[in-house]
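Down below is the structure, laid out as structure tokens.
The values are calculated or read from the model by the stated rules, or taken from the named source; none is laboratory data. All figures in this text were calculated on a predicted structure; none of them were measured in a lab. No Cβ is skipped: glycine too gets one built from the backbone with ideal geometry, and neighbour counts run over all protein chains shown.
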Amino acid sequence: MKIIDSYTEIAACFPNNTFSLDAWRAYAASISPELPEKCLQDAAEYDFPTQVAPVLAALAAEPAKAHQAHAAFLRHMERIPSLDVDATVVLYLGLCNAAGWATELDGRPAVLLGLEKIVELNWCDDASMTALIDHELGHLWHFQHRSAPEFANAALWQLYTEGMAMLFEQRLAGDKRYFHQNKNGWLPWCEANRDSLFAEYRRRVMAGESVQDFFGDWCSYQGHSDVGYYLGSVLMWQLAQRFAPAELANLTERDILNAMP
């Protein structure tokens, strides 16, 4: 596993304490020639002045949180166990692309950790950083061990892949009920509404409706964000009792549908 820590170079993106896109391009290119365009393309649908610039300004205004997140990143990367995952893990300044992004960079599997999003979401402590990194590595493990194609059904594929990443993350944590989202009664609410949540998700799968409100900190279902991660975790722990890891990585749409309550 390769680690790229660009924390000390991020300040160069803020000459006179103001974000400079030109300075950022040079900074990102120093990490990888592919990175500037990769981030810009991913963020192309954002309105930069209202959706990106305020997050970048908030990062510059909160150096203590950035420092806390960096320290948590270093601690976790020092103690992370040996894993069967090929990855480059990059701590960098993105353009609000994601706090964690399992992708490819320079032809290699990579986890991109966007410091601006990590600070915005207040995932700066050790537990949150550990969960974030392990979850994204879980995605890479899954993709590296899967030979079958993606599902045709995007909603089922998202439930499956996020569930696999949760299983990987929770196994490393040694706690199948660990969710970094578990604040303000989130997990008890998910558990109390488990059957109705699965029923609604299944209904949308069959109807071809969007499940976006089940995933992402910017969305919510019945006032609760990220409930799709809970459903995916429950599903994959159930399937892990029947399938070996290599088999779990290559499940079919029918396997997932049949396992849903």
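When the stretch 168-186 is filtered for residues that are part of a helix (DSSP H, G or I), under 22 Å from LEU83 (Cβ atoms) and out of contact with any Gly (no Cβ under 7 Å at 6 or more places or on another chain), the ones remaining, listed by number, are GLN170, ARG171, LEU172, ALA173. When ALA102 is tested against (1) closer than 22 Å to LEU231 by Cα; (2) out of contact with any Pro (no Cβ under 8 Å at 6 or more places or on another chain); (3) part of a strand (DSSP E or B), just one condition goes unmet, and that condition is (2). Across the stretch 187-203, not a single residue is classified as in contact with an Asp or Glu (Cβ under 8 Å, 6 or more places away or on another chain), among the polar types (S, T, N, Q) and not in a helix (DSSP H, G or I).
When GLY100, GLY114, GLY94 are checked against the criterion of being under 15 Å from LEU140 (Cβ atoms) and buried (at least 21 other Cβ atoms within 10 Å of the Cβ), a single residue qualifies: GLY100. In the stretch 117-130, which residue that is outside any loop (DSSP other than H, G, I, E, B) and touching a helix residue (DSSP H, G or I) at 6+ places or on another chain (Cβ under 6 Å) is surrounded by the fewest Cβ atoms within 10 Å (Cβ to Cβ)? The selected residue is ASP126.
Answer yes if at least one residue in the stretch 145-154 is within 19 Å of GLY228 (Cβ to Cβ) and within 14 Å of the chain's Cα centre (by Cα), and no otherwise. The answer is no; no qualifying residue exists. Looking across the stretch 178-199, the residues that are modelled with pLDDT under 95 and surrounded by fewer than 17 Cβ atoms within 10 Å (Cβ to Cβ) come down to ASN182, LYS183, ASN184.
For the stretch 48-69, name all the residues that are in contact with a Leu (Cβ under 7 Å, 6 or more places away or on another chain) and in contact (Cβ under 8 Å) with a residue 60 or more places away in the chain. The answer is LEU59, ALA69. For the criterion of being touching a helix residue (DSSP H, G or I) at 6+ places or on another chain (Cβ under 7 Å), modelled with pLDDT under 95 and surrounded by 19 or more Cβ atoms within 10 Å (Cβ to Cβ), VAL85 passes.
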